[in-house]
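So the structure is just underneath, and the comments pick up after that.
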Amino acid sequence: MAAVATDTGLNARHLACMRNDRNLFEQLSFRLGCGQALILEGRNGSGKTSLLRILCGMRQPDDGRLHWDGEDIFRLGPEYHAQIAYVGHRDGVKQDLSAGENLRLARGLGAPNPAFSIEAALDRVELWEHEDVLARNLSAGQQRRLALARLLVTRAKLWILDEPFTSLDSHGIDIVESLFANHLAGGGMLAVTSHHPVSLNDADIIRINLST
Amino acid sequence: MSTASLNRAFALLLWRDLLLAFRRRTELLNPLLFFVLVTTLFPLGIGADPALLRAVAPGIIWVAALLAAMLSLDSVFRSDFEDGSLEQFLISAQPLSVLVLAKVIAHWLITGLPLLIVAPLLGLLLHMSGASIAALLLTLLLGTPVLSLIGAIGVALTVGLRRGGVILSLLVLPLYIPVLIFAADAVATSGAGLPITAHLSLLAALLVLSVSLSPLATAAALKISLS
Amino acid sequence: MLRFFHQLGSPKHFYRIAGSWIPWLAAACAVLMLYGLYQGMVVAPTDYQQGDSYRIMFIHVPSAWMSLFIYVVMAAAGAIGLIWHMKLAEVIAISSAPIGASFTFLALITGSIWGKPMWGTWWVWDARLTSELILLFLYLGVMALYGAIDDKRTAARATAILAIVGVVNIPIIHYSVEWWNTLHQGPTVTKFGAPSIDIRMLIPLLVMAVAFKLFYVLVVLMRARLEVLERERNARWVRELVEAS
């Protein structure tokens, strides 16, 4: 793939991660630049989720460095967090808040994205009629789409997603894949694990298999 | 991040936690009932002699408040941990300690402040004088936020544990001792008709200290628990 | 010198260097402790008020000093581990907790035994004994938290936070207990010895204090070596060590 010329984006060098003194992975290096997608593959327990949590800065790697635009992400702290959005296994949707309230909160905690209002974001994931519905009354697939709508309301450049297609139907998957394509086309970055094949047409994709 | 966005995030989170508590308002009563129940157990256990009750009332009410505060602690971070909201706070663009402070303040408004409403009633049940009840309210006002702030550190350390409850009490109760001593003694002193400015100043000092230090420790503990 | 510290930071070198220190520490500790006990039990004069019962002081007072000292060491080592990600500091901190708890327990037991002839009862809510009891609770909390978290590195970091919070609180707890004690007990508890201690009592006391410190260093190094072995059990140097023996 084309090398990223300058030191922009995410640069991982010699990352290692251990769990219960078993090496999940070591000496893992990659660069993720504008418009690129990182797709993580590997068996269950191969460390995909751990790697994503390291990329989020929630977990310290046991070895190696992680730089964003040339700066250590743990030194950047909240400044780095303003650049990322994460949807994990626990999708962070508050059951007792409405869809709109959930998004308003996500927007307030990050750097608001002027391109998407709350309504526009809900519209984009086809939840426009559900703004005032409590999240607990949405179906599993709708809740997932709500969680993914969070990606739109902040100005995050790097989306970090752990199994984003869980409980989505084929139409839901189409919606989310078009979100990804738009994000990459606009110079965004993506780091994703998925059992479901991610079709990103002609996007610049880096594949890493943690099982090998 | 600018101060404006920091203030907005703080207010937003405070509003969110109060709203969530309001939507589950039946649960609000539980710590309060516990507080009343524990206090009424004492006369049944030690006898109903008014002089005896008046003498031990400050200690009883404050120990009951301590236990009620501790039992309600679990709700500070538990549900946010389970649904993944806590992870979102961790990687939000705002400093975690500020968000923690907003959550602890909301928690105190929900579980600490209501104790003040029933405390006078308990004071009457235990034959406390008017001056003592006034002192009790003042000490609760200054002391219960300290309990929430210190307790938050303990919850943050145990939030990932399946059975964190017992350990939490082991971690938190020894740290509550200074509050208990100053507060209960203030109530007893005022019952004897003596001034309690020194006690109140000490409690206020504890409050200032814990407001400034505890969010930092809680944020650090959350980062470790979630790693 | 810098190289020495750098080497000490690596588990393998720590294991080797600490291993070479242990016999010397053990010898020095044994000599000092025997000398101190002999001085304290035989040479020091009988107290004109308490008779011979005061001699438990030579165990009680150094234990009480150690209990606080070790807590501070534990918090400091924990802080170093948190800030500079130094694994060895984490190991030292976590190895210190049971030793500190043991000294605290010893101070409580000896204090209680000393109290029997002095106060006529096994337990008095004396300010120092009460503070010691709370300190024991703090130690037990640290140990309980360490035991409850499965991942040992996370556990070490979490207990470090708790130890630091505890160390900030200890002066406050101590002060509040003093305050509580003066109000509820009155000045009935007489304090023996402190202002005009006989030099023949002071020397064994100080000797015992040094011996206890050496004992702590000795045991913490032994525990830390074990902990290092367990943590590094998949490292090559540990495998080689096991195969060689």
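Quick rundown of the values:
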| item | result |
| --- | --- |
| The listed residue being over 30 Å from C:LEU202 (Cα atoms), surrounded by fewer than 16 Cβ atoms within 10 Å (Cβ to Cβ) and touching a residue at least 24 places away in the same chain (Cβ under 8 Å), out of C:GLY81, C:GLY19 | C:GLY19 |
| Enumeration of residues in segment A:62-97 that are facing chain B (nearest Cβ under 8 Å) and surrounded by 20 or more Cβ atoms within 10 Å (Cβ to Cβ) | A:HIS81, A:ALA82, A:ILE84, A:TYR86, A:GLY88, A:ASP91, A:GLY92, A:VAL93, A:LYS94, A:LEU97 |
| Of residues in segment C:164-183 being of a type in the set (Phe, Trp, Tyr) and at the interface with chain B (Cβ under 7 Å from one of its Cβ atoms), the one surrounded by the fewest Cβ atoms within 10 Å (Cβ to Cβ) | C:TRP179 |
| Selection status of B:LEU99, touching a helix residue (DSSP H, G or I) at 6+ places or on another chain (Cβ under 6 Å) and among the aliphatic types (A, V, I, L, M) | yes |
| Cβ-Cβ under 8 Å pairs, at least 6 apart or on other chains, segment A:166-179 side small (Gly, Ala, Ser), far side assigned to a loop (DSSP other than H, G, I, E, B) | A:GLY172/A:PHE165 |
| Flag for A:ARG59 being at the interface with chain B (Cβ under 7 Å from one of its Cβ atoms), out of contact with any Asp or Glu (no Cβ under 7 Å at 6 or more places or on another chain) and either more than 23 Å from B:ALA9 (Cβ to Cβ) or in a helix (DSSP H, G or I) (or both) | yes |
| Filter result for the condition that a residue is more than 20 Å from A:ASP91 (Cα to Cα) and assigned to a loop (DSSP other than H, G, I, E, B), over A:SER199, A:SER167 | A:SER199 |
| Top-ranked residue of segment B:163-192 - restricted to ones that are in contact (Cβ under 8 Å) with a residue 24 or more places away in the chain and facing chain C (nearest Cβ under 7 Å), ranked as surrounded by the most Cβ atoms within 10 Å (Cβ to Cβ) | B:PHE182 |
| Residue match in segment B:144-160 (condition: within 14 Å of another protein chain (Cβ to nearest Cβ), surrounded by fewer than 24 Cβ atoms within 10 Å (Cβ to Cβ) and closer than 26 Å to C:ILE161 by Cβ) | yes |
| Among the candidates A:ALA85, A:ALA106, A:ALA111, A:ALA121, residue that is of a type outside the set (Phe, Trp, Tyr) and more than 25 Å from B:LEU226 (Cβ to Cβ) | A:ALA121 |
| Residue within segment C:160-172 that is part of a loop (DSSP other than H, G, I, E, B), modelled with pLDDT under 95 and at negative phi present | no |
| Looking only at segment C:138-163, and only at residues there that are surrounded by fewer than 19 Cβ atoms within 10 Å (Cβ to Cβ) and within 16 Å of the chain's Cα centre (by Cα), the one that is farthest from the other protein chains (Cβ to nearest Cβ) | C:MET143 |
| Residue in segment A:134-142 that is under 16 Å from A:ASP96 (Cβ atoms) and touching a strand residue (DSSP E or B) at 6+ places or on another chain (Cβ under 6 Å) present | yes |
| Number of positions in segment B:1-35 that are crowded, with 17+ Cβ neighbours inside 10 Å and away from chain A (no Cβ under 14 Å) | 2 |
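Condition check ((1) more than 14 Å from the chain's Cα centre (by Cα); (2) in a helix (DSSP H, G or I); (3) farther than 21 Å from B:LEU86 by Cα; (4) among the charged types (D, E, K, R)) across all residues:
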position	(1), (2), (3), (4)
B:VAL166	yes, yes, yes, no
B:LEU175	no, yes, yes, no
B:ALA186	yes, yes, yes, no
B:ALA198	yes, yes, yes, no
B:VAL208	yes, yes, yes, no
B:THR218	yes, yes, no, no
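The values are calculated or read from the model by the stated rules, or taken from the named source; none is laboratory data. Source: prediction; values computed, not measured. Backbone-built Cβ (ideal geometry, glycine too); neighbour counts: all protein chains shown.
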